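Visitor: Before I ask anything, here is the structure I am working with.
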Amino acid sequence: MVVKRLFSLLVLILTVSITINPVLAQHGPEGHETAAEHGHEAAEEKKGFNASEVIFGHIRDSHYWHLFDLNGHPVSLPLPVIIYHPEKGLEMFSASRFHHGHESYNGYYIDHNVKMKEKIASEDGAAIKDFSITKNVLSMFLSVAILLILMTNVAKKYKKNGSMKAPSGFQNALEPVITFIRDEVAKPNLGSKYMGYMPLLLTVFFFLWLNNMLGLLPGGANFTGNIAVTACLAAVSFIVMMAKSNKHYWSHLLNPPGVPFGIKLLLVPIEIMSMFIKPIALCIRLFANMLAGHIVILSVISMIFIFAALSKVAGIAFAPFSLAFSIFMFSLELLVAAIQAFIFTNLTAVFIGQAIEEPHHGEHAH
Amino acid sequence: MDLLTPELGLFFWTLLAFLSVFFLLRKFAWKPILNALSERETGIAESIATADRLKQEMSQMQNENEKLMAQAREERTQMLKDARIEQERIINKAKEDTKAIADKMLAEARQQIEQQKMAALTEVKNQIGNLAVEVAEKVLRKELAGAENQSKYAHTLVEEIKLN
């Protein structure tokens with residue numbers, strides 16, 4: 001995604017003295033049309049640069065991995081489409097069959113009425129299920145591969161060197177993070193049973209951190225800024241929390257001690273609601289943070305093109321400011337990538353910790 | 001609102017990928033890494049404890065050594081003192097013994113000298129006595145050769161007796 005941004009910048013610098021329009025116009029289907037129809041500055045003023053189109057084009061999931069535009073044609077990697085049709089069953093074909101959303105294939109087409117997603121619909125109106133390996137899915141597979149290779153290599157090093165040898169290389173970089181998760185996240189929240197939850201917490205943390213950073217990479221997918229992803233991870237946390245919850249937790253939830261009956265009637269539904277709100281908050285927090293970060297960076301970059309669409313001079317003049325601000329935002333997002341991964345992990349630990357908390361001694365005065 | 005409705009496909013793939021990466025990493029990465037880390041930590045803690053214990057033992061040993069040294073020094077002084085006393089005692093005793101023996105020998109010598117002197121004196125006396133008797137006999141033989149001389153002598157003797 002950021003590659004597109006940076007690429008757009010590069011393109012701006014290269015083409016601003018020649019002609020901005022054809023390149024800028026390529027970011028969406030609408031851009032295509034305008035470029036084809038007009039192709040000159042005069043026509044750009046109103047329809048030339050559609051910022052929201054560009055931004056949502058970047059942050060939404062896609063059946064293509066868009067690399068760049070060349071001479072007005074998008075250069076992208078078509079990804080496999082897997083569709084489950086209630087009657088026709090499972091079907092699999094390349095997304096290139098859609099010809100960038102211009103054609104339908106086998107009764108399926110890309111629904112342009114849904115702007116913020118690239119939704120595949122069936123011509124017969126059946127409720128199809130889309131299990132395609134989209135850009136986000138592919139990006140995630142990539143992160144999984146990176147995680148597996150890195151972590152197993154580090155583990156091998158530990159096995160090879162034995163435990164009493166000082167860590168070196170990537171092992172050295174990883175170790176403080178692991179001990180940080182253990183000492184600052186797991187131990188304070190989970191008490192004596194923290195060791196059993198360490199694999200989950202470490203996996204969540206590194207999975208999110210790596211994916212957050214992959215999302216910031218040029219050309220990366222907005223994976224952790226997708227609500228399906230955060231909902232999935234929050235669901236995992238919630239399931240672990242529920243599976244590990246003990247009697248103490250439920251008795252305090254359904255029958256809060258030392259509370260008058262009238263207030264109990266009020267308190268218990270709130271407690272039950274809060275039980276579900278916790279994972280929802282987890283889900284929304286990560287999603288919103290990552291999405292907002294991406295949108296802000298994209299918006300700042302888009303401003304160059306909005307100004308450039310007004311006049312070339314304004315575009316050139318604004319570029320340094322926009323660039324400086326986007327660099328700042330990019331740095332901030334790098335920080336946010338780590339912070340959000342940490343917060344998600346920490347809150348998971350906190351919620352699990354609440355569910356597995358043992359009754360305190362001497363607390364049974366009620 | 002489209003952004004806020006999760007897609008089933010992505011949800012499914014994420015769940016699948018996350019769970020598989022979780023189980024794989026748990027078995028092949030986190031377990032060995034965490035084990036190694038806790039092993040190292042207990043190892044370090046043990047090493048420090050051992051070092052502390054050794055240090056303590058060392059200082060204890062040092063204390064003991066010092067104590068032993070002091071004791072040895074004291075013993076040495078005592079022994080030297082004892083030896084000196086003993087030495088003096090032996091010397092004194094030797095002196096006394098020697099003196100006693102010398103005295104005894106002297107006394108014996110003196111006694112013997114005395115005895116021999118006495119014997120000699122007695123012999124001299126005897127000799128002198130014999131000689132005197134012989135001389136007297138000879139004188140008497142010569143003096144008393146006449147009757148007159150015999151009665152004169154008898155008178156002299158009577159005179160002497162009267163005086164006594």
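The values are calculated or read from the model by the stated rules, or taken from the named source; none is laboratory data. Keep in mind that this is a model prediction, so the values were computed, not measured. In this analysis, Cβ positions are derived from the backbone assuming ideal geometry, glycine residues included, and neighbour counts consider all displayed protein chains. The area values use the complete protein model at the heavy-atom level, side chains included, leaving out ligands, DNA and RNA. Shrake-Rupley method; radii C 1.70, N 1.55, O 1.52, S 1.80 Å.
Visitor: So in the range A:49-74, with the set limited to residues that are assigned to a loop (DSSP other than H, G, I, E, B) and either touching a residue at least 60 places away in the same chain (Cβ under 8 Å) or among the basic types (K, R) (or both), which one is most open to solvent (accessible area, probe 1.4 Å)? Let's see the steps before the verdict.
Guide: Let us first name the residues in the range A:49-74 that are assigned to a loop (DSSP other than H, G, I, E, B), namely A:49-50, A:60-63, A:71-72.
Next, from what is left, pick out any that are either touching a residue at least 60 places away in the same chain (Cβ under 8 Å) or among the basic types (K, R) (or both): A:49, A:60-63.
Values: A:F49: 29, A:R60: 51, A:D61: 21, A:S62: 18, A:H63: 5 Å².
Step by step, filter the range A:49-74, then rank; the result is A:R60.
Visitor: Any chance the range B:90-109 includes a residue that's without any contact (Cβ under 8 Å) to a residue 60 or more places away in the chain and within 30 Å of A:L147 (Cβ to Cβ)?
Guide: To start, the set of residues in the range B:90-109 that are without any contact (Cβ under 8 Å) to a residue 60 or more places away in the chain comprises B:90-109.
Among the residues that remain, those that are also within 30 Å of A:L147 (Cβ to Cβ) are: none.
No; the residues of the range B:90-109 include none that is without any contact (Cβ under 8 Å) to a residue 60 or more places away in the chain and within 30 Å of A:L147 (Cβ to Cβ).
Visitor: Output the number of the condition that A:A173 fails; it satisfies all remaining conditions of (1) outside any loop (DSSP other than H, G, I, E, B); (2) at the interface with chain B (Cβ under 8 Å from one of its Cβ atoms).
Guide: With (1) outside any loop (DSSP other than H, G, I, E, B); (2) at the interface with chain B (Cβ under 8 Å from one of its Cβ atoms) applied to A:A173, the lone miss is (2).
Visitor: May I pose another question? Mind listing whichever residues of the range A:204-223 are facing chain B (nearest Cβ under 10 Å) and either of a type in the set (F, W, Y) or touching a Gly at 6+ places or on another chain (Cβ under 6 Å) (or both)?
Guide: Passing the criteria: A:F206, A:F207, A:F223.
Visitor: Determine which single condition A:S139 fails, assuming it passes every other condition in (1) open to solvent by less than 40 Å² (accessible area, probe 1.4 Å); (2) in a helix (DSSP H, G or I); (3) more than 12 Å from chain B (Cβ to nearest Cβ).
Guide: (3)
Visitor: Considering only the range A:142-162, how many residues are surrounded by 20 or more Cβ atoms within 10 Å (Cβ to Cβ), closer than 18 Å to A:N211 by Cβ and more than 20 Å from the chain's Cα centre (by Cα)?
Guide: Within the range A:142-162, residues that are surrounded by 20 or more Cβ atoms within 10 Å (Cβ to Cβ), closer than 18 Å to A:N211 by Cβ and more than 20 Å from the chain's Cα centre (by Cα) number 1.
Visitor: Further question on the same structure: Go through the residues of the range A:200-219 one by one and say whether even a single one is touching a Lys or Arg at 6+ places or on another chain (Cβ under 8 Å) and among the hydroxyl-bearing types (S, T, Y).
Guide: Within the range A:200-219, one or more residues are touching a Lys or Arg at 6+ places or on another chain (Cβ under 8 Å) and among the hydroxyl-bearing types (S, T, Y).
Visitor: Which pairs do you get when a residue that is closer than 23 Å to A:A337 by Cβ, found in the range A:293-315, comes within reach of a residue that is modelled with pLDDT of 85 or more and of a type in the set (S, T, N, Q), reach meaning Cβ atoms under 6 angstrom, with the pair 6+ apart or on two chains?
Guide: Close Cβ pairs satisfying both conditions: A:H294/A:N222; A:I297/A:S326; A:V300/A:S322; A:V300/A:S326; A:I301/A:S326.
Visitor: While we're looking at this one, here's another question. Of all residues being within 7 Å of chain A (Cβ to nearest Cβ) and under 15 Å from A:V240 (Cα atoms) in the range B:15-32, which is most open to solvent (accessible area, probe 1.4 Å)? Just the residue, please.
Guide: For the range B:15-32, the residue satisfying everything is B:L15.
Visitor: Looking at the range A:181-203, can you tell me whether even one residue there is within 10 Å of chain B (Cβ to nearest Cβ), of a type outside the set (A, V, I, L, M) and crowded, with 23+ Cβ neighbours inside 10 Å?
Guide: So far as the range A:181-203 goes, yes, one or more of its residues are within 10 Å of chain B (Cβ to nearest Cβ), of a type outside the set (A, V, I, L, M) and crowded, with 23+ Cβ neighbours inside 10 Å.
Visitor: Shifting gears a bit: I'd like to check something: does the range B:7-14 contain any residue that is outside any helix (DSSP H, G or I), under 30 Å from A:L147 (Cα atoms) and facing chain A (nearest Cβ under 9 Å)?
Guide: Within the range B:7-14, the first condition is being outside any helix (DSSP H, G or I), and the residues that meet it are B:7.
Checking the rest, the ones that are also under 30 Å from A:L147 (Cα atoms) come to B:7.
So of that shortlist, the ones also facing chain A (nearest Cβ under 9 Å) come out as B:7.
The answer is yes, given that some residue of the range B:7-14 is outside any helix (DSSP H, G or I), under 30 Å from A:L147 (Cα atoms) and facing chain A (nearest Cβ under 9 Å).
Visitor: Within the range A:97-113, can one find any residue that is buried (at least 16 other Cβ atoms within 10 Å of the Cβ), in a loop (DSSP other than H, G, I, E, B) and within 14 Å of another protein chain (Cβ to nearest Cβ)? Spell out how you get there, then give the answer.
Guide: Narrowing the range A:97-113 to residues buried (at least 16 other Cβ atoms within 10 Å of the Cβ): A:98, A:100-101, A:104-105, A:108-110.
Of the ones still in play, those that are also in a loop (DSSP other than H, G, I, E, B) are A:100-101, A:104.
Among the residues that remain, those that are also within 14 Å of another protein chain (Cβ to nearest Cβ) are: none.
The answer is no, given that none of the residues of the range A:97-113 is buried (at least 16 other Cβ atoms within 10 Å of the Cβ), in a loop (DSSP other than H, G, I, E, B) and within 14 Å of another protein chain (Cβ to nearest Cβ).
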